[in-house]
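Report on the structure given below.
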Amino acid sequence: MLKELLVILIASSLVNNVVLSQFLGLCPFLGVSKKTETATGMGVAVIFVITLASAVAGAIYQFILQPFHIEYLQTIVFILVIAALVQFVEMFLKKFIPGLYQSLGVYLPLITTNCAVLGVALTNVQKNYGILTGIVNGFATAAGFTISIIILAGIREKLKYNDIPESFQGMPIVLVTAGLMAIAFCGFSGLL
């Protein structure tokens with residue numbers, strides 16, 4: 001069991017990185033990665049939301065949707081769970097960490113529509129993960145998102161001081177950098 005959880009942890013965070021190999025969650029990945037502090041805050045918020053959403057969605061699926069044979073409602077139920085969790089995170093940050101709340105701006109509510117969060121909940125169901133395995137998969141996926149957004153933010157901070165051709169300044173160089181990161185993360189596929 002422990003070996004299986006370790007494989008899921010490595011596979012979901014590095015090998016099948018949600019952003020760099022599945023291309024889910026690109027909106028906050030590209031939008032919030034201008035500063036490492038903001039990227040770290042977004043990463044922590046995503047870790048919290050995805051891990052909790054995996055636990056709650058897994059429990060609802062296993063104890064409510066499956067026994068009553070209403071699995072077809074899973075997408076709607078998962079979206080409602082995610083929206084409630086994001087509202088909780090938003091209220092918490094607004095009250096206790098207003099600086100981070102301001103710096104995340106519109107991207108914090110966008111976690112609700114972040115396809116990576118819903119993708120993890122649906123992947124847990126498709127792969128028949130139990131609640132514990134689903135939580136580990138959710139945490140690892142969110143950790144992979146956090147790793148990639150912090151790396152991109154660090155690179156973007158360094159790019160400010162480089163002489164970049166005018167046609168590549170702004171989003172073009174960010175997309176090239178993200179593409180190179182995706183190629184680099186392909187190297188992790190040999191781990192498993």
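Here, each number is a calculation from the coordinates, and none is a lab measurement. Worth saying up front: this structure is predicted, and the values here are computed from it rather than measured. Cβ sites come from the backbone with ideal geometry, for glycine too, and all protein chains shown count toward neighbours.
Quick notes
- Per-pair calculated FRET efficiency, R0 = 22 Å: Gln102 and Gln169 via Cβ, rounded to 0.05: 0.25
- Comparing Ser148, Ser54, Ala83 along the charge dipole axis of the range 24-153, the residue lying farthest to the positive side is Ser148, per the Cβ-charge model.
- The length gained by stretching the chain between Gln62 and Leu132 to full extension, at 0.36 nm per residue less their Cα-Cα distance, is 24.0 nm.
- Rotationally averaged projected area of the chain (alpha carbon convex hull; nm²): 11.8
- Counting only alpha carbon atoms, the long axis of helix 131-159 and the longest principal axis of the chain meet at about 10°.
- Largest first, the three principal axis extents of the alpha carbons in the range 10-86 are 46, 27, 19 Å in whole numbers.
- With the simple model of a label 7 Å out from the Cα in the direction of the Cβ, Leu191 to Cys27 spans 2.8 nm.
- FRET efficiency for the Glu4 to Ala84 pair, using the beta carbon distance and R₀ = 35 Å, is estimated at 0.70.
- Tilt relative to the chain, helix 36-60 - C-alpha long axis, 0 to 90 degrees, to 10: 10
- Pairs of Lys in the chain closer than 26 Å at Cα, counting only those 8 or more apart or on different chains: 9
- The range 127-189 and the range 31-100: distance between their alpha carbon centers, rounded to Å: 20
- Share of pairwise Cα separations in the range 149-192, more than 12 Å, in percent: 64
- Relative to the longest principal axis of the Cα atoms of the chain, the long axis of helix 74-96 makes an angle of roughly 60 degrees.
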